[in-house]
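Peer 1: Following this message is one structure expressed as structure tokens.
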Amino acid sequence: MNDDVRKIIYGTITVFLLGVMAWIGIIYVSACGVTLTCNRGAPRVDRTPIPTLIPATLPAQDVSRQSAPSAVTPAGLDTCRVPAAAFIGAWAASQTPKSTEAAPFYFVDKDGKNCEAAFSDVQALFNQPNLRGADSLACTSCHSGDLTVAPAQLDLSGYAGILAGSRREANKPKGVNILGGDWKASLLYDFLVNAKPNIPGHEQALNPEAMIFAGKPFAGPLPTAAP
């Protein structure tokens, strides 16, 4: 083999090796940049964001009002698990001519525990948006203390207004009883758990089995029978 042939072979090998090195260099720079640590080539760490109280996909909570007892309360807390409709019904059944706003009421929760609560827990449900479903308004958004604009002249923003009832013409002290003697036959139950497509604000209904955590366990027998 003469010198010319060797030069051609060695030259071809050299060009090939230089081409391979240049190709590897291009790939390295595009992946790692001009650095020897190649941080850009390391797998990206998927970090979990700081948890929030309300998922970002849900409507923002109305923090100007008291929050309702939540169905996502962590287990183990000293609280009771009960359907929201039954909870309101337990309070309604406890109302007698001698009842007061501060008087506790009693019920048996879904787990068979004797429990007690206060009207403030019930009021919180009326103040709570999304109670009857996603994007549903709080009851008190429409049924406020201003009877000139409140639908059916019904005020659900306080104890006295609820007991005064609906259809209070000319601000009379009493209207139509919305609680009734039989909770499931009452106007309030009907408008909570039955959708009214033709009535603005009542297109969605409260699921009678929708659970909340409210009240607290009560030691001893119930002073009054649960509804």
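Peer 1: Using the structure shown, decide if residue 201 is among the small types (Gly, Ala, Ser), more than 22 Å from residue 222 (Cβ to Cβ) and assigned to a loop (DSSP other than H, G, I, E, B).
Peer 2: yes
Peer 1: Continuing with the same structure: Among (1) in contact with a Cys (Cβ under 7 Å, 6 or more places away or on another chain); (2) closer than 28 Å to residue 203 by Cβ; (3) crowded, with 22+ Cβ neighbours inside 10 Å, where does residue 115 come up short?
Peer 2: The number of the failed condition is (2).
Peer 1: Ok, one more. Would you mention how many residues in the range 125-164 are under 22 Å from the mean Cα position of the chain (by Cα) and crowded, with 19+ Cβ neighbours inside 10 Å?
Peer 2: Residues meeting the conditions: 14.
Peer 1: Still on this structure: For the subset of the range 103-112 comprising residues that are in contact with a strand residue (DSSP E or B) (Cβ under 7 Å, 6 or more places away or on another chain) and not hydroxyl-bearing (Ser, Thr, Tyr), which member is surrounded by the fewest Cβ atoms within 10 Å (Cβ to Cβ)?
Peer 2: Only one residue tops the list, namely 111.
Peer 1: Is it fair to say residue 176 is surrounded by 13 or more Cβ atoms within 10 Å (Cβ to Cβ) and either more than 27 Å from the chain's Cα centre (by Cα) or not small (Gly, Ala, Ser) (or both)?
Peer 2: So residue 176 fits the description; yes.
One line per residue, one yes/no per condition, for (1) modelled with pLDDT of 95 or more; (2) over 28 Å from residue 178 (Cα atoms); (3) in contact with a helix residue (DSSP H, G or I) (Cβ under 9 Å, 6 or more places away or on another chain); (4) not assigned by TED's automatic domain parsing to the domain that holds residue 141:
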position: 57; (1), (2), (3), (4): no, yes, no, yes
position: 62; (1), (2), (3), (4): no, no, yes, yes
position: 65; (1), (2), (3), (4): no, no, yes, yes
position: 72; (1), (2), (3), (4): no, yes, no, yes
position: 89; (1), (2), (3), (4): yes, no, yes, no
position: 99; (1), (2), (3), (4): no, no, yes, no
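Peer 1: Which members of the range 206-227 meet the condition of being out of contact with any Leu (no Cβ under 7 Å at 6 or more places or on another chain), part of a loop (DSSP other than H, G, I, E, B) and modelled with pLDDT of 75 or more?
Peer 2: 207, 208, 209, 210, 215, 218, 219, 220, 221, 222, 223
Peer 1: Based on this model, can you work out whether residue 119 counts as over 16 Å from the mean Cα position of the chain (by Cα) and at pLDDT 90 or above?
Peer 2: Yes: the conditions hold for residue 119.
Peer 1: One residue is enough: does the range 140-152 have a residue meeting the conditions hydroxyl-bearing (Ser, Thr, Tyr), without any contact (Cβ under 8 Å) to a residue 12 or more places away in the chain and within 26 Å of residue 196 (Cβ to Cβ)?
Peer 2: yes
The values are calculated or read from the model by the stated rules, or taken from the named source; none is laboratory data. Here the structure is a predicted model, which means the values were calculated and not measured. Positions of Cβ are backbone-derived with ideal geometry, glycine not excepted, and every protein chain shown enters the neighbour counts.
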